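What follows is a short report on a single structure.
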Amino acid sequence: IGWTGLLLPWIVWVAAWSYENSLSGYYYTRANVLFTGILILCGVFLISYKGYQKKEEKISDNIITWIAGILILIVVAIPAQYNDFASGDCPTPVCHGNALLGGIHFGCAAIFLVAIGYLSIFNFTRGNKPFTEGKIKRNRIYRICGYGMWVTLGVAGIMLFILNMGERWPRLILWVEIIDLLFFGVSWLVKGKALSGLGILNED
């Protein structure tokens, strides 16, 4: 799950060899199959993930990952609005210029990141107390990643919808997505012990 988040931006960029204004823009490039395939893979992984059952936390791991997985599959099923739709030149079989559908696409992506941030902050940090030094360090990483996702989304929302900076910085959404996927990937790689070589992440 962690690797899908970290590698997605770079895989689609290399495959398409172009700069889009958002990751969703790669749906309409030759990186389409990789873009949709990686997201579907991530969604299936999240839906099938079995974490802790609900105990002291308000929402269990399984509910959050199931919701997140469904949201990411909706992102695939309803692509972003294609800006040149009126020209009739659609590069993919599924193509639309509907602003409402585009809003659903980006809304599901944003809620997905909010849900994953919640999981990282409140669920990944639980465990048997007293916490070991390694667990305390891992929890610090989880919180940095979770709050990082939320803060990045919040700042982007202010810049886009309040300050109207989207036209001045057309690739703002792309960089927000890259930063959030970095936080997402690191959090899951720590949780999955894929970064145990760093020492502080070992079970102790």
Count of segment 73-98 residues which are over 13 Å from Asn32 (Cα atoms) and open to solvent by 60 Å² or more (accessible area, probe 1.4 Å): 9
Taking the stated definitions as given, is Tyr147 of a type in the set (Phe, Trp, Tyr) and crowded, with 19+ Cβ neighbours inside 10 Å? no
Check segment 109-125 and report whether any residue there is modelled with pLDDT under 95, farther than 30 Å from Pro79 by Cβ and open to solvent by 40 Å² or more (accessible area, probe 1.4 Å). yes
Trp169 is checked against (1) closer than 22 Å to Tyr26 by Cα; (2) assigned to a helix (DSSP H, G or I); (3) open to solvent by 20 Å² or more (accessible area, probe 1.4 Å) and fails just one. What number does that condition carry? (2)
Are there any pairs, at least 6 apart or on different chains, whose C-beta atoms fall under 7 Å, with the first in segment 1-27 and within 17 Å of Gly37 (Cβ to Cβ) and the second outside any helix (DSSP H, G or I) and basic (Lys, Arg), and if so, which? Ala15/Arg30; Ala16/Arg30
Could you please let me know if Phe45 is within 26 Å of Lys191 (Cβ to Cβ), open to solvent by 80 Å² or more (accessible area, probe 1.4 Å) and modelled with pLDDT of 90 or more? yes
Leading residue by the ranking (farthest from Cys108 (Cα to Cα)) among those in segment 16-28 that are touching a helix residue (DSSP H, G or I) at 6+ places or on another chain (Cβ under 7 Å) and open to solvent by less than 30 Å² (accessible area, probe 1.4 Å): Ala16
Considering each residue of segment 109-165, count those that are closer than 14 Å to Leu181 by Cα and either assigned to a loop (DSSP other than H, G, I, E, B) or touching a strand residue (DSSP E or B) at 6+ places or on another chain (Cβ under 9 Å) (or both), and give that number. 0
Testing Leu101 on (1) open to solvent by 30 Å² or more (accessible area, probe 1.4 Å); (2) of a type in the set (A, V, I, L, M); (3) modelled with pLDDT under 95, one condition comes back false. Which one is that? (3)
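The values are calculated or read from the model by the stated rules, or taken from the named source; none is laboratory data. Note that the structure is predicted; figures quoted are calculated from it, not measured. Cβ sites come from the backbone with ideal geometry, for glycine too, and all protein chains shown count toward neighbours. Quick note on the areas: whole protein, heavy atoms, side chains included, nothing else; ligands and nucleic acids left out. Shrake-Rupley method; radii C 1.70, N 1.55, O 1.52, S 1.80 Å.
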